[in-house]
Amino acid sequence: MYHFFVEENQITDEKIYINGADYNHIKNVIRLKAGDEVMVSLRSSQIGEKSCNFMCELAEYTDSDVVFDITDKDALDTELPCQVILYQGLPKSDKLEFIIQKAVELGAVQIVPVAMKRCVVKLDDKKAAAKLPRWNAISESAAKQSKRSIIPKVRPVMSYAAALNEAAKCDISFVPYENEKGMAETRRLVSSISAGNTVAVFIGPEGGFEDDEIEEARKLGMHTITLGKRILRTETAGIAFLSMLAYALE
C-alpha cells in the first residue's frame, strides 16, 4: 500500500487533496485508479505532537489535485510509545545516510548530527547546511517505506556541548559506552521508560568518546550503558539501541 504525507490545509472533514510532486507520481508513475486505497499521514516532526493517519480511496483527478475520500480517520499508529532523539557523532563517508534511514525505520523522531572530538569528518556550517536537504529527503523516503506516522526531522549539526545541554531536558538520556559493563542495568533503565517520555541517546563516532566527553554527560545525569559484550560500529550502535527499545516497549 502506498503512503503519502500532507499538510493540515490539504485535509477537510471527508477528503484529502494531494498536489505537487506527489500528484505527478500518483497519476503518471504509479498510476493509481479510482477506488485504489492509500495511507495518508499529517506531515509532522514536532516532539510530543500526536500523529494523524488516514485510510483513503482515490475519488478523482482534477487539473491540480488527486482527491481522496477518507474511509478511516483513526488508522493504525505506527509510532513508538516514547519519542527518541538520536544524537549521532558525525561518521565518515556516507554512513550518516545509512544511519538516518535505519533510525527512521526503527522509530526515532529526530536525528541530530553531533560534532565530537574524535569525529574524522569536520563540516563547516556551509557544507553542513548543503547536506541537510538530502538528509531530510532520506528521512522522508524511509518514513514512507516503513509506514511511519510522521517524517522525522534531521536537524543541523550541533556541537557536543549544545547537544548535551539540550538532551539534559529529556525525561531520560543514554550514552552507550564501550567501557561500561552490566546488561542488567541497561535492561532496568530501558524498562523504566514510560509512554510519552522523551528519550535521548548519544552515539559516538568511529573513534568513540573521549573520557572527558563521558564525564560531561554523567555530570548532567545521563546514563552510560552497555549494549552488550561486543564493541559495535557507530552505524550499528544506534540501530541496536532502537531495536532494544522497540522490543521492550512494543
**Prompt:** Scanning the range 113-140 for residues that are within 14 Å of Phe98 (Cα to Cα) and in contact (Cβ under 8 Å) with a residue 24 or more places away in the chain, which turns out surrounded by the fewest Cβ atoms within 10 Å (Cβ to Cβ)?
**Reply:** Arg134
**Message:** With the requirement that a residue be part of a helix (DSSP H, G or I) and more than 15 Å from Gly107 (Cα to Cα), what does the range 137-165 give you?
**Reply:** Ala137, Tyr160, Ala161, Ala162, Ala163, Leu164, Asn165
**Residues (charged (D, E, K, R) and in contact with a helix residue (DSSP H, G or I) (Cβ under 8 Å, 6 or more places away or on another chain)) located in the range 83-104** = Lys95, Glu97, Lys102
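What do you reckon, is Ile203 crowded, with 19+ Cβ neighbours inside 10 Å, in contact (Cβ under 8 Å) with a residue 40 or more places away in the chain and in contact with a strand residue (DSSP E or B) (Cβ under 8 Å, 6 or more places away or on another chain)?
Answer is yes for this residue.
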**Message:** Is it the case, given these coordinates, that Gln88 is over 20 Å from Val38 (Cβ atoms) and modelled with pLDDT of 95 or more?
**Reply:** yes
**Message:** Give all pairs with beta carbons closer than 6 Å in which a residue from the range 27-39 that is open to solvent by less than 80 Å² (accessible area, probe 1.4 Å) meets a residue that is of a type in the set (Ser, Thr, Tyr); count only pairs at least 6 apart in sequence or on separate chains.
**Reply:** Val38/Tyr2
**Request:** Select from the range 83-112 the residues that are in contact (Cβ under 8 Å) with a residue 40 or more places away in the chain, part of a loop (DSSP other than H, G, I, E, B) and not small (Gly, Ala, Ser) and write down the one among them that is surrounded by the fewest Cβ atoms within 10 Å (Cβ to Cβ).
**Result:** Lys92
**Request:** For the range 64-74, enumerate the residues that are part of a loop (DSSP other than H, G, I, E, B) and either modelled with pLDDT of 90 or more or within 13 Å of Ile11 (Cβ to Cβ) (or both).
**Result:** Ser64, Asp65, Lys73
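The values are calculated or read from the model by the stated rules, or taken from the named source; none is laboratory data. Here the structure is a predicted model, which means the values were calculated and not measured. Quick reminder, even Gly has a Cβ in these numbers, built from the backbone with ideal geometry, and neighbours come from all protein chains shown. With ligands, DNA and RNA removed, areas are computed over all heavy atoms of the protein, side chains included. Shrake-Rupley method; radii C 1.70, N 1.55, O 1.52, S 1.80 Å.
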